[in-house]
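The next block holds one structure in the form of structure tokens; read it before the comments.
The values are calculated or read from the model by the stated rules, or taken from the named source; none is laboratory data. Please read these numbers as outputs of a predicted model, since none were measured by experiment. With ideal geometry, Cβ positions are generated from the backbone for all residues, glycine too; neighbour counts draw on all protein chains shown.
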Amino acid sequence: MGEFPHCVGEFTHYGANVLLAICFGIATALSNAVALLTQHLPQIPTDHHRSLGATFVYLARQPLWLIGWLALAGSLLCQSVALHFGPLSVVQPLLVTELVMALLLRRLWRRQRLSRRAWISAAVTTLSLAAFLVLANPSGAQEPRHSLWLATGSVTGTVIVACMVIGRRGSPTRRAASFAVATALSWAFEATLIKQLGDQWTQHGVVGVLSNWVLYVFVAVGLVGLFSEQTALQAGPLGVSQPLIVIVDPLASMALGATLFAERFHGSGITSTAALVALVITGVSALVLMRATPEVVRISHR
């Protein structure tokens, strides 16, 4: 009998942690939507060739672009808190709601007229994602070995470099897609590092974080992700880059979570299958949502 209150207490604590992870995960998605929309809107003048430095100087003078950077900082903070309280397989799929957030921003802020198909797709995306989280109930607490970090990081880094090389040439759509995938993979691996940093902060404090390799790899991967994101946003349509980032990031994060932290679904085979079906529906409806949403008209400041 004495074990029952203890079990209830553990379940309540776990449920509270997951709730906090979900709340901050949704806040991350909203911040990402604001960042992508505001950093895509400013139009770079194309009447003459500009160097990379001149392009960033130009963008730095655009208020919307700077707001996007503030939103990115808020996204990083919210994601750090979310990953501290919940596994990657809970937090990262929530980033799919960024498409729904962007839809609301377009309607309320940009006053874009949106089709019924877009709104239905947004509702299906949200409901199927909620069903996945309830059915899968993922968790994991393995401490990754250094050899596992090295192997996973090497494979992920190789794919990121390959995407960036492919994106150097080709049509705007191909370039945006290639750098969007590189961005998504960078952010997925960055999420694993954020989770590891949070655990180190809790166990060893500031000294433990500063003396560990994770912090410095996190900074390097973050810079790669920011560069590839900015390139994707300026290389082609937002309708190509945003959905790829939003969909590939959670899928890659779940694979990394299973590999590094041994995150697993709980429940019977039927429940796990239903969770995977819900996840597939989420991805398909997100793609439909992307196709049903009109392209954002950029703002020119010439």
Kindly indicate whether any position in the range 209-219 is surrounded by 22 or more Cβ atoms within 10 Å (Cβ to Cβ), in contact (Cβ under 8 Å) with a residue 40 or more places away in the chain, touching a Leu at 6+ places or on another chain (Cβ under 8 Å) and not aromatic (Phe, Trp, Tyr).
-> no
How many of the residues making up the range 196-254 are farther than 30 Å from LEU287 by Cβ and among the acidic types (Asp, Glu)?
-> 1
Within the set of pairs 6 or more residues apart or between chains, which connect a residue that is of a type in the set (Phe, Trp, Tyr) inside the range 190-204 to a residue that is part of a helix (DSSP H, G or I) with Cβ atoms less than 6 Å apart?
-> TRP201/VAL209
State all residues of the range 215-253 that are in contact with a Ser or Thr (Cβ under 6 Å, 6 or more places away or on another chain) and at pLDDT 90 or above; if no residue qualifies, say none.
-> VAL221, VAL224, GLY225, SER228
Kindly check whether there is at least one residue in the range 99-118 that is closer than 21 Å to GLY225 by Cβ and modelled with pLDDT under 85.
-> yes
Considering only the range 101-131, state which residues are closer than 30 Å to THR273 by Cβ, loosely packed, with under 15 Cβ neighbours inside 10 Å and either among the β-branched types (Val, Ile, Thr) or in contact with a helix residue (DSSP H, G or I) (Cβ under 6 Å, 6 or more places away or on another chain) (or both).
-> ARG117, ILE120
Quick check: anything in the range 256-278 within 15 Å of the chain's Cα centre (by Cα) and crowded, with 16+ Cβ neighbours inside 10 Å?
-> yes
If you scan the range 177-207, which residues turn out to be of a type in the set (Gly, Ala, Ser) and at pLDDT below 90?
-> GLY198, GLY205
What are the pairs, 6+ residues apart or on separate chains, where a residue within the range 229-252 that is on the phi < 0 side of the Ramachandran plot has its Cβ under 9 Å from a residue that is acidic (Asp, Glu) and in a helix (DSSP H, G or I)?
-> SER241/GLU229; GLN242/GLU98; ILE245/GLU98; ILE245/GLU229; VAL246/GLU98
Those residues of the range 55-98 which are aromatic (Phe, Trp, Tyr) and either at pLDDT below 85 or surrounded by fewer than 20 Cβ atoms within 10 Å (Cβ to Cβ) (or both) amount to PHE56, TYR58, TRP65, TRP69
